[in-house]
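Before any comments, here is the structure.
The values are calculated or read from the model by the stated rules, or taken from the named source; none is laboratory data. Since this is a predicted model, take the numbers as computed values, not measurements. Glycine gets a Cβ as well: all are built from the backbone with ideal geometry, and neighbour counts include every protein chain shown.
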Amino acid sequence: MSTDIIVEFNNISKFFGSVIALKDVTMHVKKGEIMCLLGDNGAGKSTLIKTLSGVHKPNEGEIIVEGKKTTFDSPRDALDLGIATVYQDLALVSLMSVTRNFFMGREPMKGFGLFKVFDIEKANAVAAERMGQIGIDVRDPSQAVGTMSGGERQCLAISRAIYFGAKVLILDEPTSALGVHQASVVLKYIVKAASEGLGVILITHNVHHAYPVGDRFTILNRGKSMGTYPKKDLSREKLLSMMAGGEELDKLEVELKEMDRISKSNN
Amino acid sequence: MSTKSQSIDRKSQDERLRRVSKLKKLLNRPELGALGGSILVFIFFGIIAGDSGMFSAYGTLNFLEVSSNLGIIAIGAAMLMIGGEFDLSVGSMIGFAGICIAIPAIYWGWPLWSSILFAFSMAVLIGYANGILVVRTGLPSFIVTLAMLFILRGATLALTRLITGRTQVPGLRVLIENDPIAWIFSADVFSGLFVWLGSLGLIALRQDGTPLATGIPTSVIWWIGLTIFATWILMKTRYGNWIFASGGDKLGARNVGVPVARVKISLFIGTAVCATIYACVQVLDAGSADTMRGFLKELEAIVAAVVGGCLLTGGYGSAIGAAFGALIFGTVSMGIYYTDVDTDWFKVFLGAMMLIAVIFNNFVRRRVTENK
């Protein structure tokens, strides 16, 4: 079982000065599974993503990639080990073409020495083929990304990460800006990617998007992990209430009743 | 994938098909506006001043030379603008590079070629300083290079007066003769061809039988060469893709591993080097350096780049467009002398042209980025 684990994060803590952004967060992701990371605003999701992708260095804890303990000094290090992050801004330039975006920073080259040039024909072919595989027919890969829909852009960003050898995909709120149909297209693609052997860490605060596709769920609250649950141990309602800070809502309900009672007895 | 979702995909594919017609794709090219503008300008002067000698060999070379001078700096400015930054110090750099050539050559006895190399190394240094300041401080390049505009112009004036006691440094012409590299900036090309054309009576001759137009100025060759080189970089190389990416979205570009800071610094060096090429051409042509050389040229370069389709916000534009922008500028600035129009109106035309270009570019940008 442990051989399937691609990345493990053990007891990760991150402090910013006196602020404890993350405390003892432990999680792992296996080949072919979708691990959902859920949390409300301010739960520490962004900090965790940045730690996982090499932007921040954790103050405590260890990162184990395919059985080997490592440290990430930069996002490049994480990328080199196959851990690719698709941020919310997608790192796409809307004025540039699909192809130029797809290969941005990693352009295929041809020719020798000083005359090495960007092999745009090959790049066009690969971009069109890759987008075709996920059901987005890019008839003209030189069309600007700005003309694509939000879902298509998300798929482009994911597809790019996979093409460049991602073993683990960290997806930051991939559905947050999308409509229902677009979101389902993206989620379908994520499931497909996982079924082909990738490990996916899906970060979201939308339970309705996470629950149908996730295999396991880690809930983050105020910088701490509230545990990881496989889907069979967790109903959608349970997840929802944990997410929304169910206890807090319960407490609020009690307080409201109390206020109600007091105001009634006063009258 | 289910058949149902496939049918949805088919439908969305058709929607996309409808969007991309040939004409619309052409409309999205950045240099289209400048190309159309050039054609309009030529038609206009063809009608107004067609028989005035403007389009004779001599007249043509005249406006081509003016265009080419501007074109050299406009291409540097366009590349930088695509990379998302401005350089307002270009004009001052021209003056500074001029005295960097003239003072060592005349007052310190350096060979001319070494003072030319000295000017280029100063350009690299100043471009690097501009770039590193913009990249490190995160301040708008507008402010940083505006400061550099004053610093360089002031330093040019102060140093020249300190060393020479005046603001002009003449006397370079005699040094050009035997210099190994000065011809790169000052010789006329194909002068044999022009003599031959003159002997055939195809072009106008002087009293002594030599042709009026003695050859194609090197600046025109520089202009065309730089345009081709810049276009090749932008369209065909990895670095070109990085320029577009850095200007289009520097955070996104950085996240996928584009060395944005390095790209921007090198582009600042590029504008300073272009300014120095311009300075070489001017100084060697005139045989003297002047501290006021290149005054306001930075704005003309920006006008040419913008008329050529570069977006002020970066990420979009072309070197060919900038070359055409410079051609429009040069043609009108010279052509106006062949018409009855008072030359005082030139700047009115310039401003109007820029305004139209910006409105047009804005429209193009919205077309390209609009999300349906």
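All conditions in (1) in contact (Cβ under 8 Å) with a residue 60 or more places away in the chain; (2) within 16 Å of B:Gly287 (Cα to Cα) hold for B:Ser92, with the sole exception of (2). Counting only helices (runs of 4 or more DSSP H) that sit wholly inside region B:62-178, those with at least 1 residues that are within 30 Å of B:Ala253 (Cα to Cα) are B:90-107, B:112-137, B:141-164. Checking B:Ile75, B:Ile99 one by one, the residue that is crowded, with 24+ Cβ neighbours inside 10 Å and over 14 Å from the mean Cα position of the chain (by Cα) is B:Ile99 and no other. Within region B:203-217, track down each residue that is part of a loop (DSSP other than H, G, I, E, B) and closer than 20 Å to B:Glu65 by Cβ. Selection gives B:Ile203, B:Ala204, B:Arg206, B:Thr210, B:Leu212, B:Ala213, B:Thr214, B:Gly215. Taking region A:13-22, which residues are at pLDDT below 90 and either closer than 19 Å to A:Ile83 by Cα or in contact with a Lys or Arg (Cβ under 6 Å, 6 or more places away or on another chain) (or both)? Scanning region A:13-22 gives A:Ala21, A:Leu22.
Considering region B:334-372, and only residues there that are of a type in the set (Gly, Ala, Ser) and touching a helix residue (DSSP H, G or I) at 6+ places or on another chain (Cβ under 6 Å), the residue that is nearest to the other protein chains (Cβ to nearest Cβ) turns out to be B:Ala357. Selection over region B:233-286 of residues that are crowded, with 23+ Cβ neighbours inside 10 Å, among the charged types (D, E, K, R) and part of a helix (DSSP H, G or I) gives a count of 1.
Among the residues of this structure, A:Val180 counts as one that is assigned by TED's automatic domain parsing to the domain that holds A:Gly214, among the hydrophobic types (A, V, I, L, M, F, W, C) and without any contact (Cβ under 8 Å) to a residue 24 or more places away in the chain. Give me the pairs, please: first residue somewhere in region A:41-63 and in contact (Cβ under 8 Å) with a residue 24 or more places away in the chain and assigned by TED's automatic domain parsing to the domain that holds A:Ile6, second residue anywhere and of a type in the set (D, E, K, R) and assigned to a helix (DSSP H, G or I), beta-carbon distance under 6 Å, and either six or more positions apart or on two chains. Filtered contacts from region A:41-63: A:Gly54/A:Asp77; A:His56/A:Lys50.
Residues that are within 9 Å of another protein chain (Cβ to nearest Cβ) and of a type outside the set (Ser, Thr, Tyr) within region A:121-151 comprise A:Gly135, A:Ile136, A:Asp137, A:Val138, A:Arg139, A:Asp140, A:Gln143, A:Ala144, A:Val145, A:Gly146, A:Met148, A:Gly150, listed in sequence order.
Screening region A:158-169 for residues that are buried (at least 23 other Cβ atoms within 10 Å of the Cβ) and within 12 Å of chain B (Cβ to nearest Cβ) and picking the one that is nearest to A:Cys36 (Cα to Cα) gives A:Ala161. Within region B:329-346, the residues that satisfy the criterion of being in a loop (DSSP other than H, G, I, E, B) and without any contact (Cβ under 8 Å) to a residue 24 or more places away in the chain are B:Asp340, B:Val341, B:Asp342. Output the residues belonging to region A:175-192 that are of a type in the set (Gly, Ala, Ser) and within 13 Å of the chain's Cα centre (by Cα). Within region A:175-192, just A:Ser176 meets the criteria. Taken as a whole, region A:13-31 holds at least one residue that is under 19 Å from A:Tyr229 (Cβ atoms), of a type outside the set (Asp, Glu) and free of Cβ contacts under 8 Å to residues at least 40 places away in the same chain. Scanning region A:105-120 for residues that are of a type in the set (D, E, K, R) and either facing chain B (nearest Cβ under 8 Å) or in contact with a helix residue (DSSP H, G or I) (Cβ under 8 Å, 6 or more places away or on another chain) (or both) yields A:Arg106, A:Glu107, A:Lys110, A:Lys116. Quick check, is A:Thr70 crowded, with 22+ Cβ neighbours inside 10 Å, polar (S, T, N, Q) and either assigned by TED's automatic domain parsing to the domain that holds A:Val126 or touching a Leu at 6+ places or on another chain (Cβ under 9 Å) (or both)? No; evaluated as a whole, the condition is false for this residue. In the set (1) on the phi > 0 side of the Ramachandran plot; (2) within 13 Å of another protein chain (Cβ to nearest Cβ), A:Glu173 fails one condition alone, (2).
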